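Only the coordinates and a few stated rules stand behind these numbers; no lab work does. Because the structure is predicted, anything quoted here is derived from the model rather than measured. Please note: Cβ atoms are built from the backbone with ideal geometry, for glycine as well, and neighbour counts cover all protein chains shown.
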Amino acid sequence: MRSITMPGVEIRERDLSQYNPALAGTTSLVMGFADKGEDKLPLEFTSRNSWLTYYGIPTNEAERYFYYASMEAINQGGKLITAKVPYDNSSSDIYFKSVYDVATQTANAGTLSAITTEDSTLSASNIITINTAVESVATTALDDYRTGTVKPTSGTFDIIDITRQKLTKDASTEEKEVIGTFAVVTAATNGMAVQNILDSIDLTEFNSVSSLVTSAGSTVTSADTAIQFATSAISDTTLSQKVAELFPAVTYTDTGAIDREYIRQIQVTVVKMYVDSNYNNKINFEVAESFIGSLNSTALNPDTNESIFIDDIINNNSNYIEFYSNITGSNLASSTSTYHINNVANGVFGFTEAQASKVLSVATLTTSITSIFDKLNNIDEVEIDIVPDCGLSNIGSYLTALSATDSDSASAYDPTSTDASAWVLTDRDDTLGWRSTSSQLINFCQNTRKDCIAIIDGMRPLVATGSQKIVRPSAPDNTIDANILNKVKYTTGLNSSYGAGYMNWFKQLDEFTGTSFWCPPSIKAMGVYLYTDRNANYWDAPAGLNRGVIFTANDIAFNPNKKQGGSIYTKGWNFAINYPFDGIVLEGQKTLQTKPSAFDRVNVRRMFLRLERLVYQIARYYVYEPNNSYTRTRFVDQITPIFEDVKLRGGLYDYRIICDETNNTSEVIDRNELKVAIMLKPSKTSEFILVDFIALRTSGSFAEIVL
């Protein structure tokens, strides 16, 4: 209320600095299979190109689920966290690394005649030789590297490939597939030689191309390649010189002297190999990324005083490798020492065809999801709002069915193959694999994090067989009532408000092959959730003609009428309808909770989860504060605007917050507790609209009608 009584201007202050506004953005956790990339590592992506660079183009049905779910999140403006589920093959827990030994000085590493530093002229005795070998490293060991539990052997550094790219080369037939990557390590003197700073240098830091050996032991010869390695860094325009030219321009501190910081640095370059159609399908090379830094962990940039430690530079910026060193002072030698790299190209990162085969198993699927969830169970470290199924429950069900019929627990996932005949739905036992994976997702949301909701896929065999719909013109005896509705009962009983199920599958065009595939409904439902949050409110129903239209699908597995849709809805499942003029629309917003309550609707459950998170984030700052009237009043004042905003915008009918002496009695205070009671009346959606048309006689009165 204003306090001035005459026309004029009144300046007033309102302190909202402690009010946390509604969280911006909705975060989806998308898990699935990919052609490459590190297993079971949660990562955040913001663009399609970066996703494809890391995970590769999808090559099968399971990988399509992962890709299109990720793109749905990105395209709808949501925050995306991804995690790759590994295949169950020989390389699922193996990476390759190159181990570089810098422990030994040698006096005959090369010829130097005019390299000087601020202190003195370098001679051969100042050169450290670095030898290398290729080894394998297990996933558990890689985790130990990252936590610092394990370090490389003293006097060595390790470069670990994290892309897990397939590499094949059959020397007998000269067949070549997608080729992997390898790391090139060079000394600063190599870059200086290209810049014509050195009078004389003969450091053969790149051996001949025959030093390249695949993970299967096959040697890459000169005849295989479109471009050659030089035996000297400056002989001609080859890959050797391309790498050397990446070294930054060297500056002088005075005439004839080179800053010793350059002398003590190394250059690590990631080189990609590929089949070049312009050179008769020979192997060609291109530089993917390059980094300059010091093996000395205390080294600083003399101009900016920032760290130039090569470990940190690479691990914070590389998309292909991780770098770990354990170089002691004795290995670094004197301030005038430099490095000579020996056999830097000995070994190619990558997997053979056999190692990279894509095999799945139920056990690996279950344990991998558990491992991913273990890395995301702390709500203070990462926010997650939605956990879509993305077909994982159906993959689990498919593998379980094959295991029961073929006594084979591992198989590729291909629901359109002849093996799909074993994947049927005749009773509740056929849902075991689907049910266990679905329960795993719901349990993570409800009991582990308690702040997100899982979107569960209905079973694909319920609506499609192979690549065809069950209800289709070519099978006139197959009807929705006889072939779908009477089997929905097998998929009930998950019973949780932290999960919502969607029955209908969607046909979508694959942008890479030009063919259509059946897309899991959770992917499209997630997109509708994100669209609703971005264009409306997180307490609005993610369904219907205003917010539930699906633009990226061209067909649905079945198209129920109102009575059939009602039968599905009463069993707790949501569905979709293909309207002639409005398109494909998501219908229903029930959770999987069987007990009727406010939480059997998605919009209410999601609103409570978001409000609970907002209150939690504020309440953390009141831990250890005195439980007195001032603290309680301050806390209520800070959270009240959150609920008031939701009420004014239609998400709540009303609310009440109690945090005073009535629920913070002396007994409560003596237990070092502070109690807050927040009572909410959530707005209900109009899902069933009843319109009565009433006819009256001409002389009738409207006031006489009782409605």
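With r as the distance between the Cβ atoms of Y279 and D429 and R0 = 45 Å, compute the FRET efficiency 1/(1 + (r/R0)^6) and round to 0.05. Each step should come with its number before you reach the end.
Numbers: r = 57 Å, r/R0 = 1.27.
About 0.20, to the nearest 0.05.
What number comes out for the charge environment of R632, summing +1 per Lys or Arg and -1 per Asp or Glu over other residues with Cβ under 11 Å away?
Values: positive: R634, K675; negative: E625, D637, D660, E661.
Here the count lands on -2.
What per residue convex hull volume, in Å³, do the alpha-carbon atoms of the stretch 513-627 yield?
On the way: hull volume 17.7 nm³, N = 115.
For the stretch 513-627, the hull spanned by Cα atoms encloses 154 Å³ per residue.
Please express the shape of the stretch 456-586 as an equivalent ellipsoid: the semi-axes are the square roots of 5 times the eigenvalues of the C-alpha gyration tensor, given largest first in whole angstrom.
Numbers: eigenvalues 102, 74, 39 Å².
Values for the stretch 456-586, descending: 23, 19, 14 Å.
Counting Lys +1, Arg +1, Asp -1, Glu -1, what net charge surrounds I584 among other residues with beta carbon under 13 Å of its beta carbon?
Numbers: positive: K507, K524; negative: D555, D582, E587.
Every neighbour counted, the sum reads -1.
Based on the Cβ-Cβ distance of A482 and N317, what FRET efficiency does E = 1/(1 + (r/R0)^6) give at R0 = 60 Å, to the nearest 0.05? Write out the running numbers ahead of the final one.
Values: r = 59 Å, r/R0 = 0.99.
Given R0 = 60 Å and the Cβ-Cβ separation, E is 0.50.
Going by how many other Cβ atoms sit within 10 Å of their own, how do K84, K684, K282 line up, fewest first? Let's see the in-between values first.
Working: K84 25, K684 12, K282 16.
Going from sparsest to densest Cβ surroundings: K684, K282, K84.
Restrict the search to the stretch 585-655; then list the chymotrypsin sites (Phe, Trp or Tyr not before Pro) that DSSP places in a loop and that have at most 12 other Cβ atoms within 10 Å of their Cβ. Each step should come with its number before you reach the end.
Numbers: sites: F599, F608, Y616, Y621, Y622, Y624, Y630, F635, F643, Y653, Y655; in loops: Y624.
Filter output for the stretch 585-655: Y624.
Post the alpha-carbon centroid distance, the stretch 612-666 to the stretch 446-496, in whole angstrom.
Computed from Cα coordinates, the inter-centre distance equals 42 Å.
On a full-extension model of 0.36 nm per residue, what is the gain between E625 and M679, subtracting their alpha-carbon distance, rounded to one decimal in nm? Display every interim value, and only then the final one.
On the way: separation 54, 0.36 × 54 = 19.44 nm, distance 2.37 nm.
Taking 0.36 nm per residue and subtracting the Cα distance, the gain is 17.1 nm.
Cα-Cα pairs above 10 Å in the stretch 633-672: how many percent?
74
Filter the chymotrypsin sites (Phe, Trp or Tyr not before Pro) in the stretch 500-550 to those in DSSP coil with at most 15 other Cβ atoms within 10 Å of their Cβ, and list the result.
F512
Once the other residues with Cβ under 13 Å from the Cβ of K681 are scored (Lys, Arg +1; Asp, Glu -1), what is the net sum?
+2
Arrange the following residues from fewest to most other Cβ atoms within 10 Å of their Cβ: S136, S361, S98. Before the final figure, lay out each step's value.
Working: S136 12, S361 19, S98 24.
Ascending Cβ contact count within 10 Å gives the list S136, S361, S98.
Quick one: length gained pulling Q617 to D510 fully straight, 0.36 nm per residue minus the C-alpha distance? Intermediate values should be presented prior to the final figure.
Values: separation 107, 0.36 × 107 = 38.52 nm, distance 4.12 nm.
So the chain would gain 34.4 nm between Q617 and D510.
Whole-Å semi-axes of the stretch 547-607's equivalent ellipsoid, largest first, each the root of 5 times a Cα gyration tensor eigenvalue? Could the numbers behind the result be given before it?
Details: eigenvalues 107, 40, 13 Å².
They are 23, 14, 8 Å, listed from largest to smallest.
Please rank D645, D533, fewest neighbouring Cβ atoms within 10 Å first, as an exposure proxy.
Numbers: D645 14, D533 26.
In order of increasing Cβ crowding within 10 Å: D645, D533.
If you take the beta carbon distance between N443 and A703 as r and set R0 to 51 Å, what does 1/(1 + (r/R0)^6) give as a FRET efficiency, to the nearest 0.05? Show your work: numbers first, answer last.
Values: r = 57 Å, r/R0 = 1.13.
Rounded to the nearest 0.05, the efficiency is 0.35.
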